Amino acid sequence: MREAGKSATDLKELKPNPGEHLDGAYLKGAKLRNIDWFRDVSLANVDFTRADVRATDFSGAQLRFSKFKYTNAIYADFSGSDLEGTIMSETDLRSATLVETRLNGAIFSDVYVNRETDFGEYSVYETEVTPETLYETHPLQAAAWVYRELQEIYRDNSLPTLNRHSYRQEKDARRRLAWQKGEYGNAIKYELSRWVMLYGTSPYRILTVSIMLILSCGVLYPLAGGVRITGDGGPTTYTFERIQTAPLSWTTEVLLQSIYFSVVTFSTLGYGDIKPVGYWAQLLSGIEAILGTLFAALLVFVLARSATW
């Protein structure tokens, strides 16, 4: 049967049963709207070019290497199906469901999606223990591929929030993959990027980490030698010599002065009215100043990147 444009009525007598194989079927231009014939059916290498499969149920179907070009798949259900190696070009997937769908190696080109298009919270390769993939790749590598493809889809359809979410998921999959493969250098790099700036997507994470670093250094300065302020009455050193017996007023003043010094050091303002005392306090202030410069650069980078999503 090679005639294009067959309707559901024309094909009704050929309706497959669950588990049946229709591999290589010719369904170009077929009008198969709102049917459930393809549930759990093998449809590998099937040509759905210009077919109308709106609201059609493909759940659990094997669709490897199939071709969807200029296909109308609005509200179609691909839940739990296998689309590895499938090509989708100029296909309308608005409000379609692709939860727990295998998408490793699938190519999406100029497809149409909206906020109701459901790819699921996580890739199926992250939720299954040892999934068998088309290209025999590591599950986390397959998941990273899927998230990368989703970024392209969301970018083309002007969905920046979903694009950013998929970007984070890709980086997180690559982080865990690096740990599992023993690539500790890359793993540590991903961990730092995750905790400091959420893979370059969160300026609020940078600000939070910066505040935590300032307060931590502010507590450490009195323990590392203290800070010294030169005033009209001479220099005063704020440090903890006997922290157990120090009065609360002195402890509070020492912490406030140390936090003040930590702020001006981290921000590299350097007013000159206060300086660290001792080798360890000087070393700590140098490290904090370097980190402050680095964090400022990261903040500018993340803010500029946020404008491009």
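The values are calculated or read from the model by the stated rules, or taken from the named source; none is laboratory data. Keep in mind it's a predicted model, so treat the numbers as computed, not measured. So basically every Cβ, Gly included, is an ideal-geometry build from the backbone, and we count neighbours across all protein chains shown. Side chains are part of the model used for accessible areas, which takes the heavy atoms of the whole protein and leaves out ligands, DNA and RNA. Shrake-Rupley method; radii C 1.70, N 1.55, O 1.52, S 1.80 Å.
Kindly identify the range 18-174 as rounded, prolate or oblate by the Cα gyration tensor criterion: order the square roots of the eigenvalues as a ≥ b ≥ c, call it rounded if a/c is under 1.5, otherwise compare a/b with b/c, prolate if a/b is larger, else oblate.
Details: a/c = 1.89, a/b = 1.31, b/c = 1.45.
Oblate.
Please report the base-10 log of the normalised intensity I(q)/I(0) for the chain, using a Debye sum with one equal scatterer per alpha carbon and no solvent, at each q in 0.16 (1/Å).
Results for the chain at q = 0.16 Å⁻¹ read -1.18.
Using the heavy atoms of the protein chains and a 1.4 angstrom probe, tell me the accessible area per residue for the chain in square angstrom. Before the final figure, lay out the partial values.
Working: 16460 Å² over 309 residues.
About 53 Å² of surface per residue is accessible.
May I ask for the percentage of alpha-carbon pairs in the range 73-137 that lie more than 19 Å from each other?
Working: 566 of 2080 pairs.
Cα-Cα pairs of the range 73-137 separated by over 19 Å account for 27 percent.
Please report the antiparallel percentage of the DSSP beta bridges confined to the chain, to the nearest 5.
Values: 8 of 28 bridges.
The antiparallel proportion sits near 30 percent.
Amide H of V46 versus every other amide H placed in the peptide plane: which residues, excluding those fewer than 5 positions away on the same chain, fall under 5 Å?
G24, S66, K67
In debye, nearest 20, what is the charge dipole magnitude of the range 24-136 about its Cα centre with +1 on Lys and Arg Cβ and -1 on Asp and Glu Cβ, if you could check? Mind showing how you got there, number by number?
Working: 12 positive and 19 negative charges, 136 e Å.
Charge dipole, the range 24-136, about its Cα centre: 660 debye, nearest 20.
Check cross-link reach from K31 to the aspartates and glutamates: straight Cα distance under 18 Å, and skip same-chain residues fewer than eight apart.
Output for K31: E3, D10, E13, D47, D52, D57, D77, E90, D92.
How large a share of the accessible area of the range 63-159, in percent, is made up of carbon and sulfur atoms when the probe is 1.4 Å and the other protein chains stay in place? Before the final figure, lay out the partial values.
On the way: 1950 of 4320 Å².
That share works out to 45 percent.
So if I take the centroid of the Cα atoms in the range 59-84 and the same for the range 142-192, what is the distance between those two points in Å?
Between the Cα centre of the range 59-84 and that of the range 142-192, the gap is 24 Å.
Given the rule -39500 (n - 2.57) for each run of at least 4 DSSP H residues, summed and divided by the residues of the chain, what is its mean residue ellipticity at 222 nm, to the nearest 500 deg cm²/dmol?
Numbers: 8 runs with 131 residues, N = 309.
So the calculated ellipticity at 222 nm is -14000 deg cm²/dmol.
Tell me which of A173, L220, T237 sits at the most positive position along the dipole axis of the range 171-269, charges placed on C-beta atoms (Lys, Arg +1; Asp, Glu -1).
It is A173, whose Cα lies furthest towards the positive end.
From the phi angles alone, apply the Karplus equation (6.51, -1.76, 1.60; θ = phi - 60°) to the range 164-177 and give each ³J(HN,Hα) in whole Hz, x where the residue is Gly or Pro.
So the Karplus estimates, Gly and Pro as x, are 5, 5, 5, 4, 4, 5, 4, 5, 5, 5, 5, 4, 5, 5 Hz.
Restricting to Cα atoms and excluding each atom paired with itself, what does the Kirkwood estimate give for the range 268-309 in Å?
Numbers: mean 1/r = 0.0822 Å⁻¹.
After inverting the mean inverse Cα-Cα distance, the result is 12.2 Å.
Dipole of the chain, Cα-centred, from +1 at each Lys and Arg C-beta and -1 at each Asp and Glu C-beta, to the nearest 20 debye?
Values: 32 positive and 36 negative charges, 116 e Å.
In debye, rounded to 20, the chain gives about 560.
Straight-line reach from K275: which aspartates and glutamates have a Cα under 13 Å away, not including same-chain ones fewer than 8 places off?
none
Return the long-range amide H neighbours of G120 (sequence gap of 5 or more, or a different chain), with a cut-off of under 5 Å between placed amide H atoms.
L98
Amide H neighbours of W37 under 5 Å, at least 5 residues apart or on other chains, H built in the peptide plane: list them.
D57
Against the longest alpha carbon principal axis of the chain, how many degrees, from 0 to 90 and to the nearest 10, is the axis of helix 203-224 turned?
Relative to the chain, helix 203-224 is tipped by roughly 30 degrees.
Per q in 0.19 1/Å, what log10 I(q)/I(0) does a Debye calculation on the alpha-carbon atoms of the range 112-179 return?
The Cα Debye sum returns log10 ratios of -0.72.
Gain in length, V219 to E20, computed as 0.36 nm per residue apart minus the alpha-carbon separation, to one decimal in nm? Display every interim value, and only then the final one.
Working: separation 199, 0.36 × 199 = 71.64 nm, distance 6.96 nm.
Going from the current span to full extension adds 64.7 nm.
Computed from the mean reciprocal separation of all distinct C-alpha pairs, what Kirkwood hydrodynamic radius does the range 163-279 have, in Å?
Details: mean 1/r = 0.0591 Å⁻¹.
Kirkwood radius, the range 163-279: 16.9 Å.
For a distance above 15 Å, tell me the whole-number percent of Cα pairs in the range 184-232 that qualify. Show your work: numbers first, answer last.
Numbers: 719 of 1176 pairs.
Cα-Cα pairs in the range 184-232 separated by more than 15 Å: 61 percent.
Rg (Å, one decimal) plus Dmax (Å, integer) for the alpha carbons of the range 234-285?
Using the Cα atoms of the range 234-285, the pair Rg, Dmax is 11.7, 34 Å.
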